[in-house]
Amino acid sequence: MRVALLTSANGWRGSGLSYAKLARGLGERGHLAHLVTAAPRVTSRLAAMELPVTEIPGRSTGPREVWALLRILREIEADALVVDTPRDVRLAAYATLLRPARIVYRYNLSDRRPRHQLLHRAYLRRVTACVYQSRYIQEDAMARGPWMGRIRGFRIPNGYDLERYAPSPEAGRDFRGRYGIRSDAQVVLTTAKLARNKGHEVAITALGRLNHAGTPLVYLMCGDGGREGELRGLARSVGLPAVFTGLLEPAEIVAALAAADVVVQPSLNEIFPNAVGEAMACGRPVVAADAGGTGELLGRDGETGVLVPPGDSAALAGAVQQLLADPGRRDRMGEAARRRIEAEFPLRRMIDGYEAALLAVIE
């Protein structure tokens, strides 16, 4: 099987990371999986992982962009083309008119409706199948366009590498030392792009309230983005000690998670968040906003994590305070979270799902 994986996304933690898992997994099973990107930062990280990747122009869907994608499809003799943004769907629709390949749309969250609904539907007629990472996003797709139900669908959750993402107390101690965090400090961590929809301001408000009320802690924010200056100012205004690390490599993500007492995911909408899955695999207790597909990953019984209403800083503060005050509960929750990943969302199951779906589509 020969597959091209196209993403126009700018961020690494979502599509880029998931595509890297998929490309490596399919490659290890003897398939050819070639990554196609439109953002230099995503290209460089994939290349650093020694994955086959080609960058094409990413500004529009004109002849230059279509020709660049077409050339790759011809070079690898692609049987299928996986895409994950509306722009990718448009490019794929044009390119596969000249070099036939099955289009598989890894349906992604979009806050903006297409400007030309009828034209968008025409592009989607070229799609052979859709992959949905969660029940939530599949229902979102059907709500936006009931006719999406006519496209063959596969629900394949993200999977997590339990060897790479595992508890590592020593790495956590070293991480604290590198960032000047005291060994006895209580650390709350968020791993997410510093963007508006990620809810950092909700967490800062909640944790600032705790800190002011006598629960001393440090808020560790791992990620990059245009809001860093704004969020630094907000943390200072509420008297919250905060550490900004920028975008971290996977090994450093594991170390940061090991350094944390509680992981907070305040994002206001998610499909199936990698940050939460990685924290669970590392055995960390998670408090997350019950937004999008997060509850499908974290679980709703309270044993593997705590869900709070999105945007509710008071509820977030209360949940974090309870966990910080109860080390035994934190340990039990982290162990249960890792077992949930082992049972429900191992990386192997994700690769199995994509391999089976792609083979079915090609055949």
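Per-structure values
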| item | result |
| --- | --- |
| Length gained when the stretch Ile362-Glu252 is fully extended (0.36 nm per residue, less Cα-Cα span) | 35.8 nm |
| Local net charge near Val188, Cβ-Cβ under 14 Å (Lys/Arg +1, Asp/Glu -1) | +3 |
| 14 Å beta-carbon shell around Leu324, net charge (K/R +1, D/E -1) | 0 |
| Mean ellipticity per residue at 222 nm, deg cm²/dmol - from DSSP H runs of n ≥ 4 across the chain, formula -39500 (n - 2.57) | -14000 deg cm²/dmol |
| Dipole in debye (nearest 20) - the chain, about Cα centre, beta carbon charges: Lys, Arg +1; Asp, Glu -1 | 1240 debye |
| Kirkwood-based shape ratio for the chain, expressed as Rg/Rh from alpha carbons | 0.99 |
| Highest average packing first - 263-273, 209-219, 192-202, 133-143, Cβ atoms within 10 Å | 263-273, 192-202, 133-143, 209-219 |
| Virtual paramagnetic centre 7 Å along Cα→Cβ of Ser44, amide N under 19 Å, in the stretch 225-258 | 225-228, 245-253 |
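Only the coordinates and a few stated rules stand behind these numbers; no lab work does. Every value quoted in this text rests on a predicted model; they were computed, and no experiment measured them. Please note: Cβ atoms are built from the backbone with ideal geometry, for glycine as well, and neighbour counts cover all protein chains shown.
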